[in-house]
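Each reported figure results from applying straightforward, stated rules to the coordinates on display, with no laboratory input. Keep in mind that what you see is a predicted model, and the values were worked out from it rather than measured. Quick reminder, even Gly has a Cβ in these numbers, built from the backbone with ideal geometry, and neighbours come from all protein chains shown.
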Amino acid sequence: PHTIRLAVIPGDGIGKEVVPEGLKVLDAALAGTGASIERTDFDLGAERWHATGDTLTDEDLAAIKEHDAILLGAVGDPSVPSGVLERGLLLRLRFELDHYVNLRPAKHYPGVPTPLTEPGDIDFVVVREGTEGLYCGNGGAVRVGTPHEIATEVSVNTAYGVERVVRYAFEQANARRQRLTLVHKHNVLVHAGHLWRRTVEAVGAEYPGVSVDYCHVDAATIYMVTDPARFDVIVTDNLFGDILTDEAGAITGGIGLAASGNINPDRAFPSMFEPVHGSAPDIAGQGIADPTATILAVALLLEHIGEPDAAARVSAAVDADMATRARANQEGGPLTRSTSEIGDAIAQALRA
Ligand code: NAD
Ligand code: IPM
Ligand code: MN
């Protein structure tokens, strides 16, 4: 029997609605296993910023580091200038905790409504770099607000940073269907693009069993809707990975199903699990957000902290719920359930 120290950051908007469902399922998954959760809630997000001006203090960060893992809902609110919470809270956590792998699985469950008429067998993971690229905040603006304004955002790609995430992606491919696709745009971004291309070539030499493919990112957005079954593991930079994983969410049945892990594979710092989606101000407060992405993030969390059985049971409970959705869809239309009804159904399946 052991204790899992969990830091919980519900955040803003629907983050506050989906996190309780994730926790409900986490409790159900661990019931009777001997493992227990020691939870610390962090009130980070828009309210805290309005009250104190803080996004993430050094004290918050130090306290968060004392945990085995982090569950996050979403951050960002229309009442806060865009970028303040996204950069000051979410990206600061990813950078400070060296979450260089942003792992985003995409799987279509048979029969679940998707915008694709012939989805095929969609089951891939995006290994998105999490600490570099255009997200570094390396840029600036001069003559702001004048007709002569110049704004720059410089993408930072280091040999060290690219190699470690590419290596992780090869390991994933090796354990899956042995197929790796690098997505970049080296026909235009000749500096960063060729660093990524050469790195994949070099690391790939150590994985002769993995077949390597390449797509420019613009073409990748086509294949993702015309032939997504071609993908097994996609490795890409921070911004391309951000964009492609919203698209991956959409084709697999909705962004409300897409989970992610911000992982430090070296285990120097706690990893952080969250849905791919944001705070969805357009539906916040209505109790209609799909909590499944957060529940699947809980499965990734359990896997990461060494509870693979509990993780598998959460996945199986989600599979069962997806089958229910597929049936409902066949029998006349999608189910309409509230956030907590979905959480209850999945938690209930775990206890059965
Ligand atoms: P979003 O992901 O919040 O919403 C995009 C669309 O998807 C909206 O129509 C929304 O209603 C829908 N949606 C999202 N999650 C859903 C769910 N669980 N169930 C059903 N529908 C869902 O993206 P956005 O509107 O571009 O951003 C809103 C805010 O969230 C912004 O402040 C943004 O910066 C922030 N954001 C945060 C994160 C994060 O915390 N990781 C991720 C993305 C966006
Ligand atoms: C995501 C979000 C974040 C990102 C934002 C809110 C910083 O879109 O987690 O996908 O761009 O990584
Ligand atoms: Mn995103």
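Between Glu66 and Thr40, the simple label model (points 7 Å from Cα in the Cβ direction) yields a spacing of 0.5 nm. Relative to the globular-protein estimate of 2.2 N^0.38 Å, the Cα radius of gyration of the range 140-219 stands at 1.44. Summarising the amide proton neighbourhood of Phe273: residues at separation of 5 or more, or on other chains, whose placed amide H is nearer than 5 Å comprise Ile70, Leu71, Leu72, Asn262. How many angstrom lie between the Cα centre of the range 277-331 and the Cα centre of the range 242-257? If you average the Cα positions of each part, the centres end up 14 Å apart. Annotation: the antiparallel percentage among DSSP beta bridges lying fully within the chain is about 40. When only the Cβ of Lys, Arg, Asp and Glu is charged (+1, +1, -1, -1), the dipole of the chain relative to its Cα centre reaches about 580 debye. Mean-square fluctuations from a GNM of the chain, with a 10 angstrom spring cutoff on Cα atoms, peak among Gly88, Gly140, Gly111 at Gly140. Rounded, prolate or oblate: pick one for the range 124-274, where a ≥ b ≥ c are the square roots of the eigenvalues of its C-alpha gyration tensor, a/c under 1.5 means rounded, and failing that, prolate if a/b is larger than b/c, else oblate. Taking the square roots of the gyration eigenvalues as a ≥ b ≥ c, the range 124-274 is prolate. Sequentially through the range 77-84, phi angles give Karplus couplings (6.51, -1.76, 1.60; θ = phi - 60°) of 8, x, 7, 10, x, 4, x, 4 Hz, Gly and Pro residues having no value and appearing as x. So what is log10(I(q)/I(0)) for the chain at q = 0.10, 0.13, 0.14 1/Å, when the Debye sum runs over its Cα atoms only? Per q value, in the given order, log10 I(q)/I(0) is -0.61, -1.06, -1.23.
Label reach from Ala328 (point 7 Å along Cα→C-beta): in the range 82-113, amide nitrogens under 19 Å belong to 108-113.
Each principal axis of the Cα cloud of the range 245-352 was taken in turn, and the coordinate range along them, longest first, works out to 49, 35, 25 Å. 3J(HN,Hα) couplings calculated from phi for the range 191-208 with the Karplus curve 6.51 cos²θ - 1.76 cosθ + 1.60 (θ = phi - 60°) are, in sequence order, 7, 5, x, 6, 4, 4, 4, 5, 5, 5, 4, 5, 5, x, 4, 7, 10, x Hz; Gly and Pro show x. In loop segments of the range 292-348 as defined by DSSP, the GluC sites (Glu not before Pro) with at most 12 further C-beta atoms inside 10 Å of their C-beta are Glu331.
Place a point 7 Å from Cα of Asp309 in the direction of its Cβ. Which residues in the range 336-352 have their backbone N less than 17 Å from it? Answer for the range 336-352: 350-352. Straight-line cross-link partners of Lys16 among the aspartates and glutamates, defined as a Cα under 18 Å from its Cα and at least 8 positions apart when in the same chain: Asp27, Asp41, Asp43, Glu47, Asp77, Glu86, Glu274, Asp282, Asp290, Glu341, Asp344. Once a ≥ b ≥ c are taken as the square roots of the eigenvalues of the Cα gyration tensor of the range 1-151, is the result rounded (a/c under 1.5), prolate (a/b larger than b/c) or oblate (a/b not larger than b/c)? Cα axes put the range 1-151 in the oblate bin.
In terms of the Cα gyration tensor, with a ≥ b ≥ c the square roots of its eigenvalues, is the range 199-279 rounded because a/c is under 1.5, prolate because a/b exceeds b/c, or oblate? It comes out oblate by the Cα gyration axes.
Under 5 Å from the amide H of Arg39 lie the amide H atoms of Leu6, each residue being 5 or more positions distant or on a separate chain, with H modelled from the backbone and absent for Pro and chain starts.
Placing R0 at 45 angstrom, the Cβ-Cβ distance between Leu335 and Val142 gives a FRET efficiency of 0.25 after rounding to 0.05. Checking every one of the trypsin sites (Lys or Arg not before Pro) in the range 165-214 against DSSP loop status and a limit of 16 other Cβ atoms within 10 Å picks out Arg176, Arg177.
Here the Karplus relation 6.51 cos²θ - 1.76 cosθ + 1.60, evaluated at θ = phi - 60°, turns the backbone of the range 280-291 into coupling constants of 6, x, 5, 10, 4, x, 9, x, 10, 5, 7, x Hz, with x for every Gly and Pro. For Ala289, the amide hydrogen comes within under 5 Å of the amide hydrogens of Thr339, counting only partners 5 or more places away or on other chains and with H modelled in the peptide plane.
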